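The values are calculated or read from the model by the stated rules, or taken from the named source; none is laboratory data. The structure displayed is predicted, hence computed values, not measured ones. Every residue, glycine as well, gets a Cβ built from its backbone with ideal geometry; the counts of neighbours run over all protein chains shown.
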Amino acid sequence: MNGETGVTCGRCDVGMEYKGTKRFHEGTNWGWLGEVGEFFVKKEHFDVYVCPRCGVVDFFVDGIGEELRQH
């Protein structure tokens, strides 16, 4: 690992840029249930890093291994 984030692109060997924590969820469109239906959806938060050279994207599960990378 190198670069200021501690995450290196596996293709280019350059430091990757932190782009924030993004929320993704699995599930269906709950329609009229709206916000109540969201309680039944599996949600995950990922820290997103992008290579400034080739554009490859790496996702890391939020809350795991954060001591190994910096924001």
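Summary table
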{"quantity": "Flag if D13 is modelled with pLDDT of 85 or more, part of a strand (DSSP E or B) and of a type in the set (D, E)", "calculated": "no"}
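This table checks each residue for (1) out of contact with any strand residue (DSSP E or B) (no Cβ under 8 Å at 6 or more places or on another chain); (2) of a type in the set (A, V, I, L, M, F, W, C); (3) assigned to a loop (DSSP other than H, G, I, E, B); (4) modelled with pLDDT under 60.
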residue: V36; (1), (2), (3), (4): yes, yes, no, yes
residue: K43; (1), (2), (3), (4): no, no, no, no
residue: V48; (1), (2), (3), (4): no, yes, no, no
residue: F60; (1), (2), (3), (4): no, yes, no, no
residue: I64; (1), (2), (3), (4): yes, yes, yes, no
